[in-house]
1. Can you say whether A:Leu97 is surrounded by fewer than 23 Cβ atoms within 10 Å (Cβ to Cβ) and out of contact with any His (no Cβ under 6 Å at 6 or more places or on another chain), as far as the supplied structure shows?
2. Does B:Met142 satisfy being more than 23 Å from A:Ala116 (Cβ to Cβ) and touching an Asp or Glu at 6+ places or on another chain (Cβ under 6 Å)?
3. Residue under question is B:Leu154, and the condition is that it be farther than 30 Å from B:Val23 by Cβ, out of contact with any helix residue (DSSP H, G or I) (no Cβ under 7 Å at 6 or more places or on another chain) and aliphatic (A, V, I, L, M); does it hold?
4. Within the range A:26-45, does at least one residue satisfy the condition of being in contact with a Gly (Cβ under 9 Å, 6 or more places away or on another chain), polar (S, T, N, Q) and at pLDDT 95 or above?
5. For the range A:109-140, what are the residues that are away from chain B (no Cβ under 11 Å), of a type in the set (Gly, Ala, Ser) and surrounded by 24 or more Cβ atoms within 10 Å (Cβ to Cβ)?
6. Considering only the range B:208-216, I want to know if a residue exists there that is outside any helix (DSSP H, G or I), more than 7 Å from every other protein chain (Cβ to nearest Cβ) and of a type in the set (A, V, I, L, M, F, W, C).
7. Before we move on, is A:Val217 away from chain B (no Cβ under 14 Å), touching a His at 6+ places or on another chain (Cβ under 9 Å) and in a helix (DSSP H, G or I)?
8. Just one of the numbered conditions (1) more than 14 Å from every other protein chain (Cβ to nearest Cβ); (2) part of a helix (DSSP H, G or I); (3) buried (at least 23 other Cβ atoms within 10 Å of the Cβ) is not true of A:Lys203; which one?
Amino acid sequence: MPEEIYSQMMKELSEGKYVFTGELEPKKAGNVNEPIAAARDLIGLVTACNVTDNPQSFAYVNSMAASYKIQAETGMECVYQLRCSDRNRMALLSDVLGAGTLGLKNILALAGDHVALGDTPDAMSVFDLDSTTLIYMIRKIVDEGKDLAGNEIEDPPKLHVGGAAAPGAAYLKAEVAKVKRKINVGVEFLQTQVVYYTDILDKFFDELGKVDVPILVGIFPAKSYGAAKFFDEYVAGVDVPPEYLANLKKTKEVKDKEERKAEVDRVNIEFFTDFLEYLKGTPSAGCHMMAVGYPRIIGPLKKVME
Amino acid sequence: MIAQEQKPMEEILGFLDGKKNVVVVGCGGCATFYHTGDKKAVDEMAEKLEKEGKGVTKISMPLGMSACDTEKIAIFLQKKRNEVENCDAILLMSCGDGVQVAADYVDEEMGLAKNVYPANDALGLVGGGPTKFHETCQSCGMCELGKTAGICPLTACGKGLMNGPCGGVRVDDKCEIDPEKDCAWVKIYKRMEKLGELDKFEEMRAPHEWSKMKRPRLFELKDPMGMMDMMGAMMNYNTVSGYMSMMFAKKPEEQKEEKKE
């Protein structure tokens, strides 16, 4: 655990509380009204919210600007996602300093998807740094007040840096070694990619062994069959269970909109109650609920953990 | 070698639109190996251009005579000086290096203002063969292979990560960007495992020093290879005999069978 605590999320994690985080997605728009409204819905339900940075390489509102606006207007603490795909080390440094200036306290350092997978495939992918070297750079900025080239930084920002882990990675041994590498360079919290299968998570925790860094396990209660199907087909390293998908598909037969919503909630509560019960017995320190556009499910699911 | 393929004929004809007399120049280097600038390729190109009503002068360069080598291409361009002087365009059947070396020579040494067009697209420095090649080195000026079990992640990883793998490795260890390509970092892991050096995998590799790749890069060779050196290298007894014995040597499995008998 870090010696100095700058954010509420890290405070709760260091106190051993089981922490819930949510996820907010800025859009391709000239405003962040939608994630601000979603953040308001999540106040009191989660400790902090990740604000995505061009997810799946679809170019949206800058995540630092969105994080700042959301935090300032709603009071929701943000986990500012920052990916290496679109910026070189200079731009990343500027963004980290900018985030500190705007009062952001948590950064999730990501490599990011290749731009070829997104909506601007002709762009040049950058990857001057990777997730590990970005974590290393942020720790150097915060702890030593220096950038990668050794230049001094006046009044360095006070913030925490997290990293991602992919328990469902096809080649788990290499993924676990990479996670250990992130731990070696000073990552302060880890959030996992979405997991649906308990045996996948068991294997990941077994392979990783005991670590001092808190790990929040990612879950994705889908607000519709389409959302779950998209995750299954397009998100690397995630398999959605066919029976859960089939149950969501059945909800499409319900004609009444409100009844259909209730049925989707029932399917999610049924599936995730078992999963969250299981999570209690794992070394996880919290749960990252990627229920984008689906805040009403978080309350009922949280109850399971109480 | 620099892999390459010929551009679509429509694109080439686009360059040559309105140009009546064309000098088509081949290349005895990589372009000969990839059949994009050997004598046959030059002949075929000339035939196609003649069918389009153009007057064509052919310049083929024999194996070993590369268009990117100023001394060599100078010999061939000077031999056809009249045709070069009177042409409307020059078409280089080489990589972009050959095109630019030729253009500079024609402009600065021959004192002629001529459009020099590319017939090929260069596809990178590749290794492998005889039929399948893969890009292995991007000549970045700061070789990282000593830290990555001899596999360059800057080139072989779709994202060029120095500390992979990313979270997108496919179930068959292929790359998330292209299912045809292997994940470089899974390969690096497996090779380090074989070498008993997995502890190195967990170490962070520092960000790559791109300062070594300030373009355009200039390079000076203090002791250049002259024509006589080249002849000597080609005639070197050990090289020739070594090459011949390798060509005609029995394959390992044939040797095994002989032993059994």
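The values are calculated or read from the model by the stated rules, or taken from the named source; none is laboratory data. Predicted model only: the values in this text are computed from it and were never measured. Glycine gets a Cβ as well: all are built from the backbone with ideal geometry, and neighbour counts include every protein chain shown.
1. Considered against the rule, which asks whether it is surrounded by fewer than 23 Cβ atoms within 10 Å (Cβ to Cβ) and out of contact with any His (no Cβ under 6 Å at 6 or more places or on another chain), A:Leu97 comes out as yes.
2. Yes; evaluated as a whole, the condition is true for this residue.
3. Against the criterion (farther than 30 Å from B:Val23 by Cβ, out of contact with any helix residue (DSSP H, G or I) (no Cβ under 7 Å at 6 or more places or on another chain) and aliphatic (A, V, I, L, M)), B:Leu154 qualifies.
4. Looking for residues that are in contact with a Gly (Cβ under 9 Å, 6 or more places away or on another chain), polar (S, T, N, Q) and at pLDDT 95 or above, one finds none in the range A:26-45, hence no.
5. If the condition is that a residue be away from chain B (no Cβ under 11 Å), of a type in the set (Gly, Ala, Ser) and surrounded by 24 or more Cβ atoms within 10 Å (Cβ to Cβ), then A:Ala109 is the only one that fits.
6. Among the residues of the range B:208-216, not one is outside any helix (DSSP H, G or I), more than 7 Å from every other protein chain (Cβ to nearest Cβ) and of a type in the set (A, V, I, L, M, F, W, C), which makes the answer no.
7. no
8. (3)
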